[in-house]
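Trainee: The structure is given below, and queries will be raised subsequently.
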Amino acid sequence: MHLRTLFHHKSTFLIILLLGILLYLILRLPHSRNSSSPYAQPIASRVPKASSSDTETYIKWVDFDVTAEAMGLALRYDVDSCREKLHFHWIELLAYLGARYGGDFSRFKKNDMEALVKKLQDGASMKELTKDMKYYSYYLEAYTAVLGGMVGTYEIQVPAENAETGAPPVWVKKYGLKAFSPIARRYPYQDFDDFGTARSYGFKRQHLGHDMMGQVGTPIICVESGRVEAIGWNQYGGWRLGIRSFDRKRYYYYAHLRKNYPYHKSLKEGSIVQAGDVIGYLGRTGYSRTENTNNIDEPHLHFGLQLIFDESQKEGNNEIWIDCYQLVRFLSMNRSETIKNQETKEYYRVYQMKDPAIPGGAQEQSIETPNDCS
């Protein structure tokens, strides 16, 4: 009788009801996140780990938000020390900070990298500094997968001192950034960070690339030396090219190429291309099952970078595509100069390059500069 009277009391009933709802929400909280989205989880929990029964130990997810500023500073330390006894490896510097920041480079401060370099100069080893960093090895492997082919020794032509008299370019041997922006030098473009935005053609999906808006016919440049793995029409990407790095970790995707004349005529499946080569031309093809159709409203290059730690990730539900916005900003310091052949209407790079990453290696040159780190 007392219990019935209690529940008939409106204020008491409401309090009990609210307490019940609150308890229900607390119990449901760990499961209320969208577990299918990596962005709904703490940074540390996004690091792929294999269970004791999991024999597939390769990396299954990578968030790459290293800033262009951080990459540029790390590269500068690497290049400036390449002939020194203590050579700073730029990816190791970035991986250390990645582990320190939990992968969140919005926390990046120049002083943090300077402090790391100072510790190394004072005699500490990277092994000692990272021994208690649980995820350093993960970030080192992940960042190496993204950046591994972009810095090294190479040979390239540069203008002769008396170039104004018609003297041909001369060959020099260099150490440094040997990857290029996907847009040729002197051609304007606009971009913003559009990775992950919604797309609706065909089905609702995320945009897994980086759009660079420009003029139709703008020469598109090979970012890193590799082999043409895909060429032809795709209803989503239109005329597109897929180029695989020689270590097979990176698959570069160039889409929406120009109608009627999308590629450099020399290219076919299996072709070897060198960083800085002209590979195609910006356009607006795609969003159609009919080949050679312009269905893209604004001309642009869709540039994508897929990481492949295991061949099972190449196509399917386990693909790893990274946000290229900061990477493209970083690569903008190195844009390939091009020239048009008026007879063939084809574009070519002005300054030739020899990349040792290409199977067979580059031919040995007789000219070396103080930048040589081989």
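Trainee: Determine the relative contact order of the range 78-229: mean sequence separation of Cα pairs under 8 Å and six or more apart, normalised by residue count, in whole percent.
Mentor: Value for the range 78-229: 17 percent.
Trainee: Where the centroid of each part is defined by its Cα atoms, how far is the range 155-189 from the range 256-310 in Å?
Mentor: The two parts, judged by their Cα centres, are 24 Å apart.
Trainee: Rolling a 1.4 angstrom probe over the protein chains, ignoring ligands and nucleic acids, what is the accessible area of Lys174 in square angstrom, nearest 10?
Mentor: Around 60 Å² of this residue is reachable by solvent.
Trainee: May I ask for the net charge around His300, where only other residues with Cβ less than 12 Å from the Cβ of His300 are counted and Lys, Arg are +1 while Asp, Glu are -1?
Mentor: Combined, the nearby Lys, Arg, Asp and Glu give -3.
Trainee: Hand me the tally of lysine pairs in the range 229-374: alpha carbons under 25 angstrom apart, and the pair either on different chains or 8 or more positions apart.
Mentor: Step by step, the pairs that qualify in the range 229-374 add up to 15.
Trainee: Need one number: nm distance between label points at Lys60 and Lys314, each 7 Å from Cα along Cα→Cβ, rounded to one decimal.
Mentor: My value for the distance between the label points is 2.1 nm.
Trainee: Kindly state, to the nearest 0.05, the FRET efficiency for Val216 paired with Glu337, given R0 = 30 Å and r defined as their beta-carbon distance.
Mentor: So the FRET efficiency works out to roughly 0.90.
Trainee: State in Å² the accessible area per residue of the range 223-335; use a 1.4 Å probe, count heavy atoms of protein chains only, and round to the nearest integer.
Mentor: Solvent-accessible surface per residue comes out at 40 Å².
Trainee: Test of understanding: extend the Cα→C-beta vector of Ile272 to 7 Å, then name every residue of the range 130-151 with backbone N under 15 Å from that spot.
Mentor: none
Trainee: Separate question: Just by accessible area at a 1.4 angstrom probe, what is the order of Glu229, Glu291 from largest to smallest?
Mentor: Glu291, Glu229
The values are calculated or read from the model by the stated rules, or taken from the named source; none is laboratory data. Treat the numbers as computed from the prediction; the structure is a model and nothing was measured. Positions of Cβ are generated from backbone atoms using ideal geometry, with glycine treated the same way; all protein chains shown enter the neighbour counts. Quick note on the areas: whole protein, heavy atoms, side chains included, nothing else; ligands and nucleic acids left out. Shrake-Rupley method; radii C 1.70, N 1.55, O 1.52, S 1.80 Å.
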